[in-house]
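What follows is calculated from the coordinates using simple rules that are stated; it is not laboratory data. All values derive from a computational prediction rather than experimental measurement. Positions of Cβ are generated from backbone atoms using ideal geometry, with glycine treated the same way; all protein chains shown enter the neighbour counts.
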């Protein structure tokens, strides 16, 4: 007669079966790992690194990469108000708690996806950028190929288990490195322990490694029953940065412990000094199969980076315009050399000779100009003689009031031109001279017949063009004003 098992033995068998059933999904996820020197992209350690496995929420690294790319290309901004669809609001946990029909800024969705690993937030990001999650997945796949993630296929923006949604430890290590180097301005979000996500504060799912491992600064955890416990982590010590990836961890504690061991391995084996090889931004092929940008397209940012003005026809006379910056720099350098060469002799002469005054102040006085030195003057200066207008009354014999001393640096041969253009007071004679030369060179057609004057005033040294007709002075000042140059038209009595 066969003996039946006792009741306690049956209970034990049932419990053993339940434990085995609960652990089955974890054993079904193979373990894979990779360690990389982030500076060079060289692999330090790999185990099953090319095995295609479920990435779980590591998927959100690509979702965020595409979001950062869309911001860079001007397709969307951090402050864009995103309307939440019923599809995004219905995503299972982990969730931010978005409601269908509500709106929220993109920056809060990014925080929720990166820090809290919110599935609803990731789906909302994809729909906001590409219009639908399916279209966004196509863009994700296109970006993956451009980054060299050759064994990755995405089906959604959040990483929930779906047939064909697979990646590898190698590809996700590449993904982590590209986030750090391609978008360093956003990378710090992965190290934030807690952050405001608009409708709630979110806590980092990777805070254990961030708080326990010296130098750790990110980046993303992931878990589903099919995938097990996944993690891509990065840490920096001194000049060395290591990225490590774990797929198929048996528990969160086991995964965290293993990732820290892999980081230790990386720091022990990586050289202390290495040349950083920064990857270039991805270049997309116009294959027509996927949604997304085609290379670096101009329409994305809307910013004009160079002039769209057409080139002149061959043989055409170019229109006078402001000289090119390099030409202006060369001219200013030459002007500075000339001024330096003439200022020293001029200063010596000023000590021995009286100041040159205006003709109006000395017309009734005998000529007291000293005899010039024997040395030839390469740029002789002519005196400006301004005859009285026919309608002017005869001068009244009275003591002339003293006027400000005036230094004439260029004379005009046309004595009937009594108007001028003042460029305002400068702190020194040298500065006023430079301003006159620079302005004359940039407006050659306007001031080619004008006289340059530097007048010493109580407020400084006034830079002035003199010897123009009233119409010429008005048009010259209007041209300067259009170029944001301060000027004032002055008449004969000024």
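Evaluate E = 1/(1 + (r/R0)^6) for residue 251 and residue 278, where r is the Cβ-Cβ distance and R0 equals 22 Å; express this FRET efficiency to the nearest 0.05.
Result of the calculation: an efficiency of 0.05.
Under Stokes-Einstein, with the Kirkwood radius over Cα pairs standing in for Rh, what whole-number D in µm²/s applies to the range 68-176 at 4 °C and 1.567 mPa s?
Translational diffusion coefficient: 91 µm²/s.
Any chance you could check the Cα centroid distance between the range 43-75 and the range 124-157 for me, in angstrom?
Rounded to whole Å, the Cα centres lie 10 Å apart.
What number, in nm² with one decimal, is the all-direction average of the projected area of the convex hull of the alpha-carbon atoms of the range 137-260?
Over every viewing direction, the Cα hull of the range 137-260 projects on average to 8.4 nm².
With each label point set 7 Å from Cα along the Cα-Cβ vector, what nm distance links residue 192 and residue 440?
Each label point is offset 7 Å from its Cα along the Cβ direction, giving 6.0 nm.
Would you mind computing, in nm to one decimal, how far apart the modelled labels at residue 203 and residue 150 are, each placed 7 Å from Cα along Cα→Cβ?
Rounded to a tenth, the inter-label distance reads 4.3 nm.
Rounded to the nearest 0.05, what FRET efficiency do residue 226 and residue 100 give with R0 = 30 Å and r taken as the Cβ-Cβ distance? Could you check?
0.65
Could you pull the Rg and Dmax for the range 25-269, using just the Cα atoms, both in Å?
Taking only Cα atoms of the range 25-269, I get Rg and Dmax of 16.5, 52 Å.
Can you give me the distance in nm between label points at residue 45 and residue 81, each placed 7 Å from the Cα along the Cα-to-Cβ direction?
About 5.1 nm separates the two model spin labels.
Report the residues of the range 245-263 in range of a label on residue 237: point 7 Å along Cα→C-beta, backbone N strictly under 13 Å from it.
Residues 260-263 qualify, since their backbone N sits under 13 Å from the label point.
How would you rank 123, 150, going from fewest to most other Cβ atoms within 10 Å of each one's own Cβ?
Ordered by Cβ neighbours within 10 Å, fewest first: 150, 123.
With a Förster radius of 45 Å, plug the Cβ-Cβ distance of residue 261 and residue 431 into 1/(1 + (r/R0)^6) and report the FRET value to the nearest 0.05.
Computed FRET efficiency for residue 261 and residue 431 comes out at 0.10.
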